[in-house]
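Data block below; observations after.
The values are calculated or read from the model by the stated rules, or taken from the named source; none is laboratory data. Please read these numbers as outputs of a predicted model, since none were measured by experiment. Every residue, glycine among them, receives a Cβ derived from its backbone with ideal geometry; neighbour counts consider all protein chains shown.
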Amino acid sequence: MRVCGVEIKSNEAIICLLSKKDGLFDLPDCRQVRFQLVKDQDAESIRRFQFTMQKFFQDYKVEHVVIKERPQKGKFAGAAVGFKIEAALQLIESVDVSVLSGTEQKEKIKRNPMPVDFADTGLKKFQETAFHVAYAYLAYP
């Protein structure tokens with residue numbers, strides 16, 4: 001199964017592809033690791049963002065998208081544009097989408113520790129959260 005972990009920060013979706021087959025994890029190369037929703041978030045911009053993401057998921061044969069949940073209130077609350085990105089992803093019909101809370105993610109990783117240190121994955125530092133959410137989903141569904 002191939003999943004795409006997503007962390008939404010400000011007006012962009014940071015992604016990490018991860019697959020698991022026969023108990024082995026694989027980090028497939030991908031052409032782009034950040035997708036941005038332009039500042040003027042009119043309906044056409046959101047449709048364009050959604051189309052770009054859908055095409056990316058098709059090209060890389062992504063079966064499931066896992067989004068890191070963001071708080072709706074409080075000091076670390078997500079901005080409105082982030083929730084638009086989340087909704088655009090959830091409405092893509094060609095993939096299943098789930099939202100994973102930070103608590104669930106930590107619990108799953110605690111039960112099934114990562115076999116490799118993040119620094120050894122070859123991913124960019126800013127992809128770490130997206131990697132963790134994808135791993136948590138695949139490691140212990």
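Observations on the model:
- Given (1) buried (at least 17 other Cβ atoms within 10 Å of the Cβ); (2) in contact with a helix residue (DSSP H, G or I) (Cβ under 9 Å, 6 or more places away or on another chain); (3) modelled with pLDDT of 95 or more; (4) not hydroxyl-bearing (Ser, Thr, Tyr), number of the condition Leu91 does not satisfy: (1)
- Conditions (1) under 16 Å from the mean Cα position of the chain (by Cα); (2) assigned to a loop (DSSP other than H, G, I, E, B); number of the one not met by Tyr137: (2)
- Breaking point among (1) modelled with pLDDT under 95; (2) among the acidic types (Asp, Glu); (3) surrounded by 13 or more Cβ atoms within 10 Å (Cβ to Cβ), for Glu128: (1)
- Count of residues meeting criterion [touching a residue at least 24 places away in the same chain (Cβ under 8 Å), more than 23 Å from Ser101 (Cα to Cα) and not in a loop (DSSP other than H, G, I, E, B)] in the stretch 33-46: 1
- Number of the exception - Ile46 against (1) more than 25 Å from Ala136 (Cβ to Cβ); (2) within 15 Å of the chain's Cα centre (by Cα); (3) crowded, with 18+ Cβ neighbours inside 10 Å: (2)
- Within the stretch 64-80, the set of residues being surrounded by fewer than 17 Cβ atoms within 10 Å (Cβ to Cβ) and under 29 Å from Thr52 (Cβ atoms) comprises Pro71, Gln72, Phe76, Ala77, Ala79, Ala80.
- Against the test of being under 22 Å from Leu138 (Cβ atoms), touching a Gly at 6+ places or on another chain (Cβ under 8 Å), outside any helix (DSSP H, G or I) and not acidic (Asp, Glu), the options Cys16, Cys30, Cys4 yield a single qualifying residue, Cys16.
- Count - residues of the stretch 75-126 that are touching a residue at least 40 places away in the same chain (Cβ under 8 Å), of a type outside the set (A, V, I, L, M) and part of a helix (DSSP H, G or I): 4
- When Ile67 is tested against (1) closer than 19 Å to His132 by Cβ; (2) assigned to a loop (DSSP other than H, G, I, E, B), exactly one condition is not met: (2).
- Of the residues making up the stretch 1-28, not one is hydroxyl-bearing (Ser, Thr, Tyr) and more than 15 Å from the chain's Cα centre (by Cα).
- Unmet requirement for His132, which otherwise passes all of (1) out of contact with any helix residue (DSSP H, G or I) (no Cβ under 7 Å at 6 or more places or on another chain); (2) closer than 19 Å to Ser19 by Cβ; (3) in a helix (DSSP H, G or I): (1)
- Test: residue in the stretch 98-105 that is closer than 15 Å to Gly5 by Cβ and surrounded by 17 or more Cβ atoms within 10 Å (Cβ to Cβ): yes
- Members of the stretch 47-64 that are in a helix (DSSP H, G or I) and not acidic (Asp, Glu): Arg47, Arg48, Phe49, Gln50, Phe51, Thr52, Met53, Gln54, Lys55, Phe56, Phe57, Gln58
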